[in-house]
Amino acid sequence: MSVSHLQSTVSDEVLGQLQELVLKAILLGQRLPGIDRSVRFPDLPFVLQKSTVTLIDENLANSVSIAEISVPVRNLSQEALLEEAREQGDIAYLRFQPPGIEDNVVRLTLEAKVCPHDSSQPVLGLSGIQVTFQKVSGNWQVVNEPVLFFN
C-alpha cells in the first residue's frame, strides 16, 4: 500500500528518500544526516540471517529505490509474506509504520518482526527505530537521537 495519498507538504519522492536513508542506516551502518554516529539496530543479525531482507510494501513510498541498497532487499505484500511463511517457515521482515507528517517534520518508524510458519501463532515483534527528520536550511536532518524500542 502506497503512502502517496497523504495530504502533506512532503512529496512521495522526499518520503522515499527519507525511508531509504533509514534503511541504509540500519542495513549498512550508514550515518543519518544530523547525527555523528551510525545507528545500531539490535535485531539486525536476526533480520540478516537469510540472504535477502524482506521489506513489507505497506506504508512504503512509491519512490523508494531498494536497488540503491547493497544488501539484497525485496518488497513483499503482507499476504505474500503470510503465504511464504506457511510454505517455508518463519520469516523475519522489516515494516514501516505509517509516517507521521506535520509541516516540515517527518517521523518514520521501522520495525522488525517475525512472521511465524504457523498462521495460528501471533507475529513476533522484535526491535524497531523511530527517526524524526526536519528540513533545516533546505536539507532533511535528524533532529533528535533516533529512538530504539522493543515490541
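Here are the numbers:
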| item | result |
| --- | --- |
| Top-ranked residue of segment 106-123 - restricted to ones that are small (Gly, Ala, Ser) and in contact (Cβ under 8 Å) with a residue 24 or more places away in the chain, ranked as surrounded by the most Cβ atoms within 10 Å (Cβ to Cβ) | 112 |
| Of the criteria (1) modelled with pLDDT of 90 or more; (2) farther than 21 Å from residue 12 by Cα, which one residue 119 fails | (1) |
| Lone unmet requirement of (1) under 15 Å from residue 17 (Cβ atoms); (2) open to solvent by 70 Å² or more (accessible area, probe 1.4 Å); (3) at pLDDT below 90 for residue 103 | (1) |
| Which listed residue, of 61, 67, 25, is over 12 Å from the mean Cα position of the chain (by Cα) and either modelled with pLDDT of 90 or more or not basic (Lys, Arg) (or both) | 67 |
| Which numbered condition residue 126 fails, given (1) assigned to a loop (DSSP other than H, G, I, E, B); (2) open to solvent by 20 Å² or more (accessible area, probe 1.4 Å) | (1) |
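The values are calculated or read from the model by the stated rules, or taken from the named source; none is laboratory data. Treat the numbers as computed from the prediction; the structure is a model and nothing was measured. Here Cβ is always computed from backbone atoms with ideal geometry, including for glycine, and neighbour counts include all displayed protein chains. All accessible areas refer to the heavy atoms of the entire protein, side chains included, with ligands and DNA or RNA removed. Shrake-Rupley method; radii C 1.70, N 1.55, O 1.52, S 1.80 Å.
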